[in-house]
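Colleague: My questions will all concern the structure given below.
The values are calculated or read from the model by the stated rules, or taken from the named source; none is laboratory data. Everything numeric in this text was worked out from a predicted model, so none of it was measured. Virtual Cβ from ideal backbone geometry, glycine too; neighbours counted across all protein chains shown. Ligands, DNA and RNA are excluded from the accessible area calculation, which covers all protein heavy atoms including side chains. Shrake-Rupley method; radii C 1.70, N 1.55, O 1.52, S 1.80 Å.
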Amino acid sequence: MEMQLTIKIVHMTIALLLAVVIIARGFTLFVGVQGNQPNPIARKLFVMLQHLSMTMIIVTGIIALFLKNFTVAPWFYAKILLFVVLFSSLIKAYKKDDSILLAQRRAGLAIAVVALLAIMILVLVKPTFG
Ligand code: HEM
């Protein structure tokens, strides 16, 4: 039980870190942009923090699944789907490819923020379907 709680607290704390990183990095798509590329300031730091938080969320999430013997509520599947949306839209937003327009990057960021908000609402409300 204690292990379960610890993992859950780490999971939630890192999720908060991810939210902060997404918002902070989001500014690089609006301030000091270079053509179609985001502001290069602190790029390495953002990439590092984003990779770290994403990896930690997935690892702690999978550990939590094992500790719960995979007994999940239906809304959990919606959360995983939204996480995939979050993941892929962030890749779209920050890919180094110069053919991705700034407007497309900003759209990617907008989708990522909506997906993250939806995940947070899901984990807070824990809706029952049907
Ligand atoms: C940005 C993405 C995510 C956020 C913001 C997030 C947030 C949360 C929060 C706040 C809780 C606690 C809910 C509660 O019991 O009150 C939780 C639980 C959980 N999360 Fe996530 N999560 C994310 C991604 C993931 C992913 C990708 C997985 C699976 C690989 C996952 C697996 C789990 C599991 C299994 C629990 C239940 C833990 C338990 O009840 O002991 N989460 N998550």
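Colleague: To the nearest 0.05, what FRET efficiency results for ILE62 and VAL31 with a Förster distance of 35 Å applied to their C-beta separation? Mind showing how you got there, number by number?
Modeller: On the way: r = 36 Å, r/R0 = 1.04.
The calculated FRET efficiency here is 0.45.
Colleague: Run the Debye formula on the Cα coordinates of the range 1-91, all scatterers equal and no solvent, and tell me log10 I(q)/I(0) at q = 0.12, 0.22, 0.23, 0.24 1/Å.
Modeller: Results for the range 1-91 at q = 0.12, 0.22, 0.23, 0.24 Å⁻¹ read -0.46, -1.13, -1.20, -1.26.
Colleague: Tell me, what % of the accessible area of the chain is carbon and sulfur with a 1.4 angstrom probe?
Modeller: 76
Colleague: With every protein chain kept in place and ligands, DNA and RNA left out, what is the accessible area per residue of the range 2-125? Probe 1.4 Å, answer in Å².
Modeller: 61
Colleague: Rank-order 40-51, 4-15 by packing density, defined as the average count of other C-beta atoms within 10 Å over each peptide's residues, highest first.
Modeller: 4-15, 40-51
Colleague: Now for a separate question. Could you work out how far apart the two model spin labels at LYS92 and GLN104 are, taking each label as a point 7 Å from the Cα in the direction of the beta carbon, and quote it in nm?
Modeller: 1.0
Colleague: Something else: In deg cm²/dmol and to the nearest 500, what is the mean residue ellipticity at 222 nm of the chain if only DSSP H runs of at least 4 residues count, each as -39500 (n - 2.57), divided by the residue total?
Modeller: -25500 deg cm²/dmol
Colleague: At a Cα cut-off below 27 Å, give the lysines reachable from LYS95, other chains included and same-chain residues fewer than 8 away excluded.
Modeller: Qualifying lysines at Cα under 27 Å: LYS44, LYS79.
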